[in-house]
1. Can you name every residue in the stretch 84-95 that is surrounded by fewer than 22 Cβ atoms within 10 Å (Cβ to Cβ), more than 21 Å from ALA13 (Cβ to Cβ) and aliphatic (A, V, I, L, M)?
2. May I ask you to verify whether VAL99 is loosely packed, with under 14 Cβ neighbours inside 10 Å, farther than 27 Å from VAL79 by Cβ and either modelled with pLDDT of 90 or more or within 15 Å of the chain's Cα centre (by Cα) (or both)?
3. As an exercise: evaluate VAL8 against (1) modelled with pLDDT of 90 or more; (2) surrounded by fewer than 19 Cβ atoms within 10 Å (Cβ to Cβ); (3) aliphatic (A, V, I, L, M); (4) farther than 25 Å from GLY126 by Cα and give the number of the one condition it does not meet.
4. Of the residues ALA67, ALA124, only one is in contact with a His (Cβ under 7 Å, 6 or more places away or on another chain) and either aliphatic (A, V, I, L, M) or closer than 25 Å to HIS159 by Cβ (or both); which?
5. Give the stretch 85-140 a look and list any residue that's under 19 Å from GLN41 (Cα atoms), assigned to a helix (DSSP H, G or I) and β-branched (Val, Ile, Thr), or say none.
6. Restricting to the stretch 49-82, name every residue that is more than 14 Å from ALA120 (Cα to Cα) and of a type in the set (Asp, Glu).
7. Hey, which of the helices (runs of 4 or more DSSP H) in the stretch 36-83, taking only ones fully inside, have at least 3 residues that are surrounded by fewer than 15 Cβ atoms within 10 Å (Cβ to Cβ)?
8. Does ALA29 qualify as being crowded, with 18+ Cβ neighbours inside 10 Å, without any contact (Cβ under 8 Å) to a residue 24 or more places away in the chain and touching an Asp or Glu at 6+ places or on another chain (Cβ under 8 Å)?
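The values are calculated or read from the model by the stated rules, or taken from the named source; none is laboratory data. On a predicted model such as this, the values are computed, not experimentally measured, just so you know. Glycine gets a Cβ as well: all are built from the backbone with ideal geometry, and neighbour counts include every protein chain shown.
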Amino acid sequence: MINTRDHVLRDPAHLRLILGSLLLAYLMALLPWGGLLLNLQPDWLLLVLLHWWLREPWRVGQGAAFAGGLLMDLAQTGVLGVHALAYSVVAWATLRLRVRLLSFSPLGQVLQILPLLLLARLLATGAALMSGGGIPSWTYFLGGLTDVLAWIPITLLLHHFDLTRSNPRS
């Protein structure tokens, strides 16, 4: 099990790790998904941002949420600002719940993070509807479940790279 609280208070993460993970997540979102996979794909960038909002809130905050959301809007050629709004609200909620979320292991965080991930999808859908977009299929909201399934490996992998960097002997 990861002792998140002790590590969070000790060593800040390298900026290269933060930027590299965000870039990789964005590139994963740019992969040519199609059909059912398009709706079921995890929101890679939001998941990595969630990890860094919990781990490094003073480096990756609401500005990163807004910028990442705009990049996702550009990538998906939708209405500009839909993801930016959703990511910003989820960032605010995550930063408000940060202490509570850090008291759980990554597996225990799943039930705490699922409502945040579904909130992001609902906000994006609502904003798109208000700007004249169509209603997505019901499988779009199943993507929230794949988000949760992807949360555990993503956060464990980022913890591993972060711990390896700060503890070179292990």
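1. ALA84, LEU85, VAL89, ALA93
2. Details: loosely packed, with under 14 Cβ neighbours inside 10 Å: yes; farther than 27 Å from VAL79 by Cβ: yes; either modelled with pLDDT of 90 or more or within 15 Å of the chain's Cα centre (by Cα) (or both): yes.
It is true that VAL99 is loosely packed, with under 14 Cβ neighbours inside 10 Å, farther than 27 Å from VAL79 by Cβ and either modelled with pLDDT of 90 or more or within 15 Å of the chain's Cα centre (by Cα) (or both).
3. Every condition holds for VAL8 apart from (1).
4. Values: ALA67 fails: in contact with a His (Cβ under 7 Å, 6 or more places away or on another chain).
Exactly one residue qualifies, and that residue is ALA124.
5. VAL90, VAL110, ILE113, THR125, THR139
6. GLU56
7. Details: elements: 36-40, 44-55, 62-75.
Per the criteria, 36-40, 62-75.
8. Working: crowded, with 18+ Cβ neighbours inside 10 Å: yes; without any contact (Cβ under 8 Å) to a residue 24 or more places away in the chain: no; touching an Asp or Glu at 6+ places or on another chain (Cβ under 8 Å): yes.
The answer is no for ALA29.
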